[in-house]
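Here, each number is a calculation from the coordinates, and none is a lab measurement. All figures in this text were calculated on a predicted structure; none of them were measured in a lab. Every residue, glycine among them, receives a Cβ derived from its backbone with ideal geometry; neighbour counts consider all protein chains shown.
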Amino acid sequence: MIQLFMPLNFLGFVYREIRRALTDLESMLALLKRTPKVVNLTGAPDLKLDKGQIEFRNVTFGYQPQRHILRGLNLTVPSGQKLAVVGASGAGKSTLARLLYRFYDVDNGGIFIDGQNIAEVTQESVRQQVAIVPQDTVLFNTSIRDNIAYGRPGACDKDIEQAIDLAHLRGFIDSLPEGDKTIVGERGLKVSGGEKQRIAIARVILKRSPILVFDEATSALDSGAEAAIVNALAEVARGHTTVVIAHRLSTVVDADRIVVLADGAVVERGTHTELLSQAGHYANLWAMQQANADHT
Ligand code: ATP
């Protein structure tokens, strides 16, 4: 009997292994299908950063060819300035951030950094000069410290400590019994949306890219968490060209310039005060968010 059992047991093992491998393959193929295709042109040079000026020239883009999300979008972010992008849900704000990081190439027009079309230089060089804090940061199943250090592998302790301070993470880390050695991620400590974004900000501080893109988390944060992020961002943005995709207008009142997106194009631009006095889209959004804030 045992002679029969052993080969059957082995066959069962082989069957399970093959099934697992096929499932892994399926998920990998699904991932590849969803991964955007950005291909470097043959012999494309690296992006050469000068002052860090960004320009979107007549940009048209859609995830599917028959549905344009951005239509002839024009905007400029002068070097060292902070631009906030606001607009109704689905207006294309996060799409704009993804295009600047070259997750996708535009269908028409171009995005230029210091006069160079980012579709004509290597994708890697664009990603070296542009650092992004995404809406939903992925944390690895490792310590908070390693998660931060990932911003610049090999960073020294002093720089990591400084990033922790600038990202306003010190209080949070000190409150944990194991401090920055605490394991986070799927199988570790679950951290809040606000803490996650501050870990991402610390990574970006370490990365030291001259251009920063901050895609604010859509889910509501309490005012304490929001203030911590706004302060962290103000520190990191100093002297950098910064694009902030804002879902809450209260986080962008200090921006050098604000653009309002609607139907894939810029419909208003100005400072907070200028836009309020125009009594248009921005003023409406502001009034709506103030009313919501009063009800919470
Ligand atoms: P929100 O304020 O709700 O985050 P948003 O202005 O950032 O919205 P985007 O996330 O840029 O909007 O999305 C713009 C449009 O593009 C939406 O209609 C959305 O459904 C669509 N879209 C976003 N990502 C994809 C994708 N990967 N594939 C197909 N369509 C997408």
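Quote to one decimal, in nm, the extra length available between Met288 and Glu274 on full extension: 0.36 nm per residue of separation minus the C-alpha distance between them. Display every interim value, and only then the final one.
Numbers: separation 14, 0.36 × 14 = 5.04 nm, distance 1.78 nm.
Additional length available on full extension: 3.3 nm.
Counting each DSSP H run of 4 or more residues in the chain as -39500 (n - 2.57), what helix-only mean residue ellipticity at 222 nm follows after dividing by all residues, to the nearest 500 deg cm²/dmol?
My calculation for the chain gives -12500 deg cm²/dmol from helical runs alone.
Provide Thr42, Thr242, Thr271, Thr251 in ascending order of the number of other Cβ atoms located within 10 Å of each residue's Cβ, fewest first.
In increasing order of surrounding Cβ atoms, one gets Thr42, Thr271, Thr251, Thr242.
Filter Lys48/Lys93; Lys93/Lys207; Lys51/Lys82 down to the pairs with a C-alpha to C-alpha distance above 18 Å, please.
Lys48/Lys93; Lys93/Lys207
Of Lys37, Lys207, Lys82, Lys181, how do they rank once you tally other Cβ atoms within 10 Å and put the fewest first? All intermediate terms of the calculation are to be shown ahead of the outcome.
Working: Lys37 7, Lys207 18, Lys82 22, Lys181 13.
Placing the least packed residue first, the sequence is Lys37, Lys181, Lys207, Lys82.
Quick check: convex hull over the Cα atoms of segment 55-212, volume per residue in Å³, rounded to an integer?
Details: hull volume 21.6 nm³, N = 158.
Taking the convex hull of the Cα positions in segment 55-212, it is 137 Å³ per residue.
Roughly how compact is segment 161-223, stated as its Cα Rg over 2.2 N^0.38 Å to two decimals?
1.17
So which GluC sites (Glu not before Pro) in segment 158-254 are both in a DSSP loop and have at most 13 other Cβ atoms within 10 Å of their Cβ?
Glu178, Glu186
Using alpha carbons only, how many angstrom separate the centre of segment 117-149 from the centre of segment 61-100?
Segment 117-149 and segment 61-100 have Cα centres spaced 19 Å from each other.
Assigning unit charges at the beta carbon (Lys, Arg +1; Asp, Glu -1) and nothing else, what dipole magnitude in debye, to the nearest 20, does the chain show about its Cα centre?
For the chain, the charge dipole is close to 660 debye.
Over its Cα atoms, what ratio of radius of gyration to 2.2 N^0.38 Å does the chain give?
1.18
Would you list Ser143, Ser250 from fewest to most Cβ contacts within 10 Å?
Fewest-to-most ranking of Ser143, Ser250: Ser250, Ser143.
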